[in-house]
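What follows draws every value from the coordinates through simple rules; no lab data is involved. The model shown is predicted, which means the values in this text are computed figures rather than measured ones. So basically every Cβ, Gly included, is an ideal-geometry build from the backbone, and we count neighbours across all protein chains shown.
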Amino acid sequence: MTDIWIMRIGHRPQRDKRVTTHVALSSRALGAKGIYVDTADNVLEGNIKSVVERFGGDFEIRTGVNWKDIIKNFDGIVVHLTMYGQRFDEALEKIPSDKNMIIIVGAEKVPPEVYERADMNVSVGNQPHSEIAALSIFMDRLTGGKALYESRNGRFNVIPNERGKTVVEISR
């Protein structure tokens, strides 16, 4: 798989700040290159950039983008996560591994043109659920979980252990 981008449509800063933050953090942890958010949100940008500065990686965030332009001009496959799409276990088999991908995740009702423009409308289950969960399951299966424990050369590194919290500051 080459670059994976996330497009968050319908972000409402006062209502969705935690959910969109978690969409971005999950995207980063699971190997996405970056996230586009259609609504300008400097606080969200600052929070995610701070995580990248501390924990490393080259994850990007851009808010206040025109989602129609991004999707229209995207060079790769467009996947829309929706509970009304085709089963993701069947869709995964059809996704080419040599193309960039943008995954659309809605916050509020997604406009019909998203369904029309997407190369694939994909469901992770057919029950109401969180977009964070759907994105995480989809990306984990898509990438085989490869990014979960890879080093990103950050200032801090979390050391997995059975009990307690171990965070090591890397001296440079």
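At-a-glance table
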read-out: Mean separation of Cα contacts under 8 Å, 6 or more apart, over the residue count of the range 32-172: relative contact order %; value: 25
read-out: Sorted by Cβ neighbour density within 10 Å, fewest at the top, the residues M101, M120; value: M120, M101
read-out: Inter-label distance for N73 and K49, nm, one decimal - labels placed 7 Å from Cα along Cα-to-Cβ; value: 2.1
read-out: Among I48, I70, I104: highest mean-square fluctuation, GNM of the chain, C-alpha pairs under 10 Å; value: I70
read-out: Other-chain or far-sequence residues with amide H under 5 Å of I9's (modelled H); value: V105, G106, A107
read-out: Cross-link pairs beyond the 26 Å C-alpha cut-off, checked among K17/K94; K109/K146; K49/K94; K72/K99; K68/K146; value: K17/K94; K109/K146; K49/K94; K68/K146
read-out: Gaussian network model of the chain, springs between alpha carbon atoms under 10 Å - residue of L92, L81, L135 with greatest fluctuation; value: L92
read-out: Residues R141, R28, sorted so that the one with the fewest Cβ neighbours within 10 Å comes first; value: R141, R28
read-out: Residue with peak Gaussian network fluctuation, the chain [Cα springs, cutoff 10 Å], from S26, S151, S136; value: S151
read-out: Stokes-Einstein D in µm²/s, Kirkwood radius over Cα pairs - the chain at 20 °C with 1.002 mPa s viscosity; value: 129
read-out: Taking F59, F74 and counting other C-beta atoms within 10 Å, the order from fewest to most; value: F74, F59
